[in-house]
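**Student:** I have a structure here, written as structure tokens, and I will follow up with some questions on it.
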Amino acid sequence: MRPAIEITNLSKIYKVKKKDFYALKDINLSIEKGEIFGLLGPNGAGKTTLLNTLIGFLYPDKGEAKVLGVKPYSNREVLEKMNFISGETRFHWSLHSIDILNYYGMSYNIPKKERARRIESLIDFFEIDRIRNKKFAWLSTGERMRLVFAKALLNNPKVLLLDEPTLGLDPDIAMKVRKEVKRVNKKFKTTILLTSHYMNEVEILADRVAFINKGEIIDIGSVEKVKLSKFDTYDVIIQVDKVKEKKDLKDMGFSVSGNKISKKLSSDENLSQLLSDIAKLGYKVQDIETKKPTLEDYFVKIVDGQKK
Amino acid sequence: MRWYKVKALMVRDFLILRRSKWRFLQLFYFPLTTIIIWGLFALFSKAFALEAGLIVLAINIFWSFSLQSQSGINNMVNEDVWSGSLKQVLTTGISESEYVFARILTSMITSFAILLAMILMSVYWFGLTIITANIPLTLLFTTSTLIASVGLAIVITACFVYLGREYSFLAWTALQMFILLSAPFYPVDIFPEPFKTIAYGMPFTGLFSGIRELITTSTVSNSIITLSLAVPIIYLVVSLPLLKHAFRRAKRTGLLANID
């Protein structure tokens, strides 16, 4: 089966003071149909440049990018099967929310009755009934984003590109949006490419992630794989009934604090083996806590490393 | 050309007008006050320069029509940029030509309504009956004005896309650059030699000459008719590849991605 998004040796080069500046450099990426893919990276890393190429706003200088088998910068019709929104999406200030939804519905050639049905169901879902007849200029940030999301789902897109989608949303709405992203992905098998500064958001939503920096993909894979690629160990904290002999535990590499013992475990070490070794020393395990690195730890480590 | 894309954008344009009623009034206010001012001048000048007053009035009608048609198209593009909604409109998959065509149609509808109001006022209040007495020529002048205005609007849109949003002022000022050498109230012969050639290349020279000729002689020569149609058509034909080129370049340089 052909991937939903295929990017091959994609480069975008700008001239800065007569020198080549690579906004994107030899990007290779394949996103399967139905996948939620997270694109991470600091500001100016090339995330938005990549999304702009996928919506046909930028021509690549080398390589190619295809969405549903079509290059969107050569054939704009594919844009009808996808949708794009960002945290900065705006509509005309004079238009009412309902005008905006109607316009986009018409623009996607959704028949009148079906358009009305879809609009009503999205209005219900995003709880925007009270802003139906309110001008866009008068909406709060949260109301705007809910309207933007309603617009994004209007054409039942096969591919959804989300650039910082929960920027400025109240936590409850942001959570709802994440749930909706998941639901849309599950129900319609929508492929979703997501960029976000909220690492936990990407961690919750994405099946796979790519970390992009200075126009290049540094890491790609499952969230776990990417996280652990920059961390050799993770912390295990075990609460035991009572520490009898500190020396035995220290010999096993544990630090002891009260009845809590902790150790850094490498990713290939077996936790159950460790627990069985502790049991052999006569300890009863009361609680186990593992502190694995988060995507945020990963992000900080990469960005700090680049600065140094 | 996908009609539903064009229609959707036109419906949106009219909704924007409907939602800002003051703007709707303003749309009519400036052209109509211009006609009242020059209409009153035509009445006043009847006693000592009948034709001069009517020439000024008729030229102002078509000039206002041109300004409305051209700035209507360019201001709609401007507003999409200022409101930050251009990117969203273009990501619906509308092509650049469909996008511009929708703006041309919307602008044509509003401009025709304004033109009709200006003509009715001029005929019934200020005695510019020659316009209604020569319907084919009036239609010819209208067509010529429209083609020239649309051609210029497309060139201005191309400049805008090519150069960036800071050139949005062209929407109001560009036409002024053409008026001087288009010889509105005087013949081209009045210019020194090198300027004459330039004047014949201006999109409105034929139109203005035609109006003057119609009012003074009640007929218009074939050479003027040809000039009034040929030059605007050349502008329109040249404008289309320019627009295509501008969008291509903006997609190469990243200007389009950052335009709003």
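The values are calculated or read from the model by the stated rules, or taken from the named source; none is laboratory data. Remember, it's a predicted structure, so these values are computed and weren't measured experimentally. Neighbour counts are summed over all protein chains in view; Cβ atoms, including those assigned to glycine, are modelled from backbone coordinates with ideal geometry.
**Student:** Only one of these conditions is not met by A:THR8: (1) more than 23 Å from A:LEU147 (Cα to Cα); (2) free of Cβ contacts under 8 Å to residues at least 60 places away in the same chain; (3) under 18 Å from the mean Cα position of the chain (by Cα). Which number is it?
**Tutor:** The one condition A:THR8 does not meet is (3).
**Student:** Give B:THR143, B:THR173, B:THR132, B:THR138 a once-over and let me know the one that is part of a helix (DSSP H, G or I) and crowded, with 16+ Cβ neighbours inside 10 Å.
**Tutor:** After ruling out the rest, the residue left standing is B:THR138.
**Student:** Considering only segment B:104-116, I want to know if a residue exists there that is among the β-branched types (Val, Ile, Thr), under 15 Å from the mean Cα position of the chain (by Cα), surrounded by 20 or more Cβ atoms within 10 Å (Cβ to Cβ) and within 14 Å of chain A (Cβ to nearest Cβ).
**Tutor:** Yes, some residue in segment B:104-116 is among the β-branched types (Val, Ile, Thr), under 15 Å from the mean Cα position of the chain (by Cα), surrounded by 20 or more Cβ atoms within 10 Å (Cβ to Cβ) and within 14 Å of chain A (Cβ to nearest Cβ).
**Student:** Now for a separate question. Run down B:LEU86, B:LEU25, B:LEU57 and say which single residue is facing chain A (nearest Cβ under 10 Å) and not basic (Lys, Arg).
**Tutor:** Unique residue meeting the criteria: B:LEU86.
**Student:** If you don't mind, another one. Quick one: count up the residues across segment A:111-130 that are outside any loop (DSSP other than H, G, I, E, B) and in contact (Cβ under 8 Å) with a residue 12 or more places away in the chain.
**Tutor:** To start, the set of residues in segment A:111-130 that are outside any loop (DSSP other than H, G, I, E, B) comprises A:112-125, A:129-130.
Imposing the further condition that a residue be in contact (Cβ under 8 Å) with a residue 12 or more places away in the chain reduces the set to A:115, A:118-119, A:122-123, A:125.
The qualifying residues number 6.
**Student:** Follow-up question, since we're still on this one. Tell me the residue from A:LEU147, A:LEU167, A:LEU161 that is surrounded by 20 or more Cβ atoms within 10 Å (Cβ to Cβ) and either hydroxyl-bearing (Ser, Thr, Tyr) or outside any helix (DSSP H, G or I) (or both), please.
**Tutor:** It is A:LEU161.
**Student:** Which pairs turn up if I take residues in segment B:23-40 that are more than 12 Å from B:ALA113 (Cα to Cα) and look for partners that are modelled with pLDDT under 90 and among the small types (Gly, Ala, Ser) with beta carbon separation below 9 Å, at least 6 apart in sequence or on another chain?
**Tutor:** Note: pairs meeting the criteria are B:GLY39/B:GLY127.
**Student:** Quick one: is A:GLY56 of a type in the set (Gly, Ala, Ser), under 30 Å from A:ASN156 (Cβ atoms) and outside any strand (DSSP E or B)?
**Tutor:** Values: of a type in the set (Gly, Ala, Ser): yes; under 30 Å from A:ASN156 (Cβ atoms): yes; outside any strand (DSSP E or B): yes.
Spelling it out, A:GLY56 is indeed of a type in the set (Gly, Ala, Ser), under 30 Å from A:ASN156 (Cβ atoms) and outside any strand (DSSP E or B).
**Student:** Identify, please: which residue in segment A:1-12 is modelled with pLDDT of 90 or more and surrounded by fewer than 16 Cβ atoms within 10 Å (Cβ to Cβ) and is, among those, nearest to A:ILE36 (Cα to Cα)?
**Tutor:** A:THR8
**Student:** For segment A:216-238, how many residues meet the condition of being within 25 Å of A:ILE288 (Cβ to Cβ) and either part of a strand (DSSP E or B) or more than 17 Å from the chain's Cα centre (by Cα) (or both)?
**Tutor:** Qualifying residue count, segment A:216-238: 12.
**Student:** Something else about it: Looking at segment B:52-81, I want the residues that are farther than 17 Å from B:PHE208 by Cα and have a partner that is among the basic types (Lys, Arg) and surrounded by 24 or more Cβ atoms within 10 Å (Cβ to Cβ) with Cβ atoms under 8 Å, at least 6 apart or on another chain. Which pairs are those?
**Tutor:** B:GLY72/B:ARG103; B:ILE73/B:ARG103; B:MET76/B:ARG103; B:VAL77/B:ARG103
**Student:** Grab the helices (runs of 4 or more DSSP H) fully contained in segment B:191-260, keeping just those with 2 or more residues being buried (at least 20 other Cβ atoms within 10 Å of the Cβ) and more than 14 Å from chain A (Cβ to nearest Cβ).
**Tutor:** Where helices (runs of 4 or more DSSP H) fall fully within segment B:191-260 and carry at least 2 residues being buried (at least 20 other Cβ atoms within 10 Å of the Cβ) and more than 14 Å from chain A (Cβ to nearest Cβ), they are B:205-217, B:222-253.
**Student:** Among the residues of segment B:5-22, is there at least one that is out of contact with any Asp or Glu (no Cβ under 9 Å at 6 or more places or on another chain), more than 12 Å from every other protein chain (Cβ to nearest Cβ) and either surrounded by 21 or more Cβ atoms within 10 Å (Cβ to Cβ) or assigned to a helix (DSSP H, G or I) (or both)?
**Tutor:** The answer is no, given that none of the residues of segment B:5-22 is out of contact with any Asp or Glu (no Cβ under 9 Å at 6 or more places or on another chain), more than 12 Å from every other protein chain (Cβ to nearest Cβ) and either surrounded by 21 or more Cβ atoms within 10 Å (Cβ to Cβ) or assigned to a helix (DSSP H, G or I) (or both).
**Student:** Please go through segment A:88-104 and give me each residue that is more than 7 Å from chain B (Cβ to nearest Cβ), buried (at least 22 other Cβ atoms within 10 Å of the Cβ) and over 19 Å from A:PRO165 (Cα atoms), ordered by number.
**Tutor:** The one that is more than 7 Å from chain B (Cβ to nearest Cβ), buried (at least 22 other Cβ atoms within 10 Å of the Cβ) and over 19 Å from A:PRO165 (Cα atoms): A:ASN102.
**Student:** Assess whether A:VAL256 counts as being in contact (Cβ under 8 Å) with a residue 60 or more places away in the chain, in contact with a helix residue (DSSP H, G or I) (Cβ under 7 Å, 6 or more places away or on another chain) and among the hydrophobic types (A, V, I, L, M, F, W, C).
**Tutor:** Judged against the criteria, A:VAL256 is not a match.
**Student:** Here are some conditions: (1) out of contact with any Gly (no Cβ under 7 Å at 6 or more places or on another chain); (2) crowded, with 18+ Cβ neighbours inside 10 Å; (3) assigned to a helix (DSSP H, G or I); (4) at pLDDT 90 or above. B:ILE94 meets all but one. Which one does it not meet?
**Tutor:** (3)
**Student:** Go through (1) within 12 Å of chain B (Cβ to nearest Cβ); (2) under 28 Å from A:LYS66 (Cβ atoms); (3) free of Cβ contacts under 8 Å to residues at least 60 places away in the same chain; (4) assigned to a loop (DSSP other than H, G, I, E, B) for A:ASN133 and report which single condition fails.
**Tutor:** (2)
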